[in-house]
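Accompanying notes for the structure given below.
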Amino acid sequence: MNRIGVITSGGDAPGMNAGIRGVVRAALGRGVSVSGFFHGYQGILDNEIVELDSAAVGGVITRGGTILRTARCKPFMLPEGRAKAIDNLKSHGVEGLVVIGGDGSLTGARKLWEEFGFPVVGVPGSIDNDISGTDMSVGFDTAVNAALEAIDRVRDTAYSHERVFVIEVMGRHNGFIALEAGLAGGAEAVIIPEVPYSLLEICDGMRAMHERGKRSSIIIVAEGAARAADIKDFISRNTGFEARYLVLGHMQRGGSPTAFDRVLGVRLGAYAANRLISGFHGEMVGVDGTKLVAHPLSYVLSTERTVDPEKLLLVEVMAK
Ligand code: ADP
Ligand code: F6P
């Protein structure tokens, strides 16, 4: 291969820039040029292309977001859109593509490979950490730490005023952020979409805590499980405790990546470029523990990644 392309697509994630840097410098080291496309698949359709030389990725490792920007692209969902993307890639001499993004973006990459035989390698980039085939996705660690900082701050004021705080974190379909930040922040309860919950039981638990002298508590709820405002209303009505709620929203997705996400991004980006150039296609790279691994996208996208139920039990045990 003489030239590969790289995009970031779907929701941005801190550490994507480290991933781009990994792709670019590993490819250049092997004598392969790199084209970046802005705005994910949309940029391929619109020929928004930039030459990524070594200097282009200088100083980006500290930055959250993605220097290539990102987008969600409807036309690419249709076969005609993907056919146009292939034509455009080829017209720029791009012979393979690294896609950094979540499961939607990786599904798009899989289609380029399966429908057109176009060489792709995916890098899991998503704060949700819901992608199979890797223990960690780029961005998750930073998002958890952002949520944790907010939880710690809220705990101070919850303690002082002896209040209940319900904090809503991201996660439309899963509770990875909620569970990890909840455990790390010593939450009294964590509510996630994957596991049925009883608000009455949570209220009972809070009354018991109150009787033992614990006068403040933090409840973490993943956005896909319930709205924090509704939970707060239920708790106030049911227990009479003073309660407040907070929705953390997109602050969880921004900010300078943690050391973990920088190292993960750069390792996975470089590994993806090397696999692509070496002729391993239709894969996603990831980590198994600390070891780099690669799995077929067909496997990654047909396997569900589930939360560890032991962690949820641990939240309950720790709240006692
Ligand atoms: P994420 O990658 O963060 O999961 P999305 O699910 O929004 O984000 O997907 C990002 C983009 O990937 C979509 O806007 C679309 O261009 C492409 N994509 C997602 N799903 C598919 C699909 N089933 N077929 C083709 N392209 C897809
Ligand atoms: O997939 C990442 C994510 O941040 C989810 O946790 C969240 O539900 C969603 O994206 C929000 O999407 P948007 O930025 O389009 O509102």
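Each reported figure results from applying straightforward, stated rules to the coordinates on display, with no laboratory input. This structure is a prediction, so every number in the text was calculated from the model and none was measured. We place every Cβ from the backbone using ideal geometry, glycine too, and count neighbours over all the protein chains shown.
Helix content alone sets the calculated 222 nm mean residue ellipticity of the chain: runs of n ≥ 4 DSSP H residues at -39500 (n - 2.57) each, divided across all residues, give -14000 deg cm²/dmol. Taking each residue as 0.36 nm, the span from Glu316 to Asn47 lengthens on full extension beyond its C-alpha to C-alpha distance by 91.6 nm.
Rounding to the nearest 10 and keeping the result within 0 to 90°, find how far the Cα-based axis of helix 199-211 lies from the longest principal axis of the chain. On a 0 to 90 degree scale, this one is about 50. Per-residue Karplus couplings for region 54-70, computed as 6.51 cos²θ - 1.76 cosθ + 1.60 with θ equal to phi - 60°, are listed in order as 4, 5, 5, 10, x, x, 8, 5, 7, 8, x, x, 9, 5, 8, 6, 8 Hz, Gly and Pro entered as x. Peptides 153-159, 105-111, 181-187, ordered by how many other C-beta atoms sit within 10 Å of their residues on average, highest first, read 105-111, 181-187, 153-159.
Note on the chain: with charges restricted to the Cβ of Lys and Arg (+1) and Asp and Glu (-1), its dipole about the Cα centre is near 540 debye. In this structure, the amide hydrogen of Gly64, modeled 1.01 Å from its nitrogen in the peptide plane, lies closer than 5 angstrom to those of Gly255, Ser256, counting only residues at least 5 positions away or on a different chain. Between 0 and 90 degrees, the angle of helix 16-29 with respect to the longest Cα principal axis of the chain falls at about 30 degrees. 3J(HN,Hα) couplings calculated from phi for region 169-184 with the Karplus curve 6.51 cos²θ - 1.76 cosθ + 1.60 (θ = phi - 60°) are, in sequence order, 10, 6, x, 5, 10, 8, x, 4, 5, 4, 5, 5, 5, x, 5, 5 Hz; Gly and Pro show x. Spin-label model, Ala208 to Asp87: label points 7 Å out along the Cα-to-beta-carbon direction sit 6.6 nm apart. In the chain, the inverse of the mean reciprocal separation of distinct Cα atoms equals 20.4 Å; this is its Kirkwood hydrodynamic radius.
Projecting the Cα atoms of Pro257, Ser298, Met284 onto the charge dipole of region 254-320, computed from C-beta unit charges around the Cα centre, puts Pro257 farthest toward the positive end.
Database remark: amide H of Tyr245 closer than 5 angstrom to the amide H of Val166 (H placed geometrically; neighbours at sequence offset of 5 or more, or on other chains; Pro and chain starts carry no H). Semi-axis lengths, largest first, of the ellipsoid equivalent to region 142-253 are 21, 16, 11 Å, with √(5λ) applied to each eigenvalue of the Cα gyration tensor.
Kindly rank 10-16, 51-57, 194-200 from highest to lowest mean number of other beta carbons found within 10 Å of each residue.
Highest to lowest by the protection proxy: 10-16, 51-57, 194-200.
Take 128-136, 96-104, 171-179, 73-81 and order them by the average number of nearby Cβ atoms within 10 Å per residue, most first; the result is 96-104, 171-179, 128-136, 73-81. Once the Cα atoms are used to define both axes, helix 140-161 deviates from the longest principal axis of the chain by about 20 degrees. In region 142-253, Cα pairs under 8 Å separated by at least six residues give a relative contact order of 41 percent.
Relative contact order for the chain using alpha-carbon pairs under 8 Å, separation at least 6, rounded to a whole percent?
This gives 25 percent for the chain.
Charge tally for Ile61 (other residues, Cβ to Cβ under 9 Å; Lys, Arg +1; Asp, Glu -1): +3. Taking amide H positions as modeled 1.01 Å from N, with prolines and chain starts lacking one, the residues under 5 Å from Ser33 and 5 or more places away or on another chain are Arg3, Ile4.
What does the convex hull of the Cα atoms come to per residue for region 111-173, in Å³?
Convex hull of Cα atoms, per residue: 94 Å³.
Volume per residue of the convex hull around the Cα atoms, evaluated for region 3-74, comes out as 66 Å³. If only the Cβ of Lys and Arg carry +1 and only the Cβ of Asp and Glu carry -1, the dipole of region 142-253 around its Cα centre is close to 180 debye.
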